[in-house]
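Note sheet for the following structure.
No value in this document is a laboratory result; all are computed from the given coordinates. Only a predicted model underlies this, so the values are computations on that prediction, with no experimental measurement involved. Reconstructed Cβ throughout: ideal geometry from the backbone, glycine too, with neighbour counts over all protein chains shown.
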Amino acid sequence: MDLRAIGMGLAFALMWSSAFTSARMIVADAPPLTALALRFLVSGLIGVAIAAALGQSARLTRGQWRATMIFGLCQNALYLGFNFVAMQWIEASLAAIVASTMPLLVALAGWMIFRERLRPLGYGGLVAGTVGVAIIMGHRISGGVDLTGLIFCGVGVLALAFATLSVRGASSGGNLLMIVGLQMLVGSALLAVAAVALESWDVNWTPRLGLAFAYTTLVPGLLGTWVWFLLVARIGAVRAAAFHFLNPFFGVAIAALLLGESLTLWDVAGVVIIAAGILAVQMSRVTRSA
């Protein structure tokens, strides 16, 4: 892995983790599904316009279209939709911790469904990740966390894991920025239907809402997704996913810094164990695929 790939991975992890804090700011002043649908509409149009200006084409392969539709549905509509709604009731740091377990779920699915074998380090990582999640969830549930919000985050991360399994098909064959824009427009259309059916237009216009919406739309939304696809195309999905072990740290730290969310020793211990488990799983898979 070269220095450029490392820089891209660190940038992606930071952008991806910061999205939970900006989302928490947005849902404090706007209906979550409506805000998310508008975010993807703006991001998607910008992405498609820039891609077209760069000469990229919307004539994708059948595999790219399939992966783009799945990614738009699972990551944008389901994963982020459930997370935006959940963050009306739970803290951004908890949502980030739940979402950061995605690499563990992908590895677990590979083992249980696709019969992919891991090295002992990988199995140890799965156990460690499970223990870390149990520590945090046990502490948070006993402290009175909203269970509906927690369940929504859980459903969302399952959808994200499924989307991740399809990302390889979307990142091959070129036209990456066009694919990013199109999958966002897919998510926007699906979320718009849900927003019209479930929400009313009730927005508290504040400077914080405007800044958070602009940041979420342009940085983790458009730039972060593009960097992720580029990273996967450069080093492969398995090695790229290793950078997810940074997400628990970044997500919790950003939420504490910008939102003042409190952390306990149980949270810190759980985050460290989850991160170690993710790293162990990814190191095992990278070694096996080398």
- prompt: Where does the chain land at 222 nm, in deg cm²/dmol rounded to the nearest 500, when only DSSP H runs of n ≥ 4 count, each adding -39500 (n - 2.57), divided by all residues?
  reply: -24500 deg cm²/dmol
- request: Would you mind pulling out the separation of the Cα centroids of the range 71-139 and the range 196-224, in Å?
  value: 25
- line: Row for the range 182-237, column shape: gyration tensor on C-alpha, a ≥ b ≥ c, rounded if a/c < 1.5 i.e. under 1.5, prolate if a/b over b/c, else oblate; value oblate
- line: The convex hull of the Cα atoms of the range 44-196, divided by residue count, gives a volume in Å³ per residue of 133
- prompt: Hey, in the GNM for the chain with a 10 angstrom Cα cutoff, which one of S262, S142, S43 fluctuates hardest?
  reply: S142
- request: Note down the relative contact order for the chain as a percent, whole number, built from C-alpha pairs under 8 angstrom at least six residues apart.
  value: 42
- prompt: Out of E261, E91, E116, any idea which swings most in a Gaussian network model of the chain, alpha carbons joined below 10 Å?
  reply: E116
- line: Dipole check, the range 3-289, charges on Cβ (K,R +1; D,E -1), about Cα centroid: among I136, S18, V48 the Cα furthest to the positive pole belongs to V48
message: Mean-square fluctuation check for the chain, GNM, Cα pairs under 10 Å: which of N76, N204, N247 is largest?
response: N204
field: Of the DSSP H helices in the chain, those whose Cα atoms cover at least 24 Å axially and whose Kyte score averages -0.5 or more
entry: 3-27, 32-53, 120-142, 147-165, 176-198, 265-289
Residues W111, W16, W201 arranged by fewest to most Cβ contacts within 10 Å: W201, W111, W16
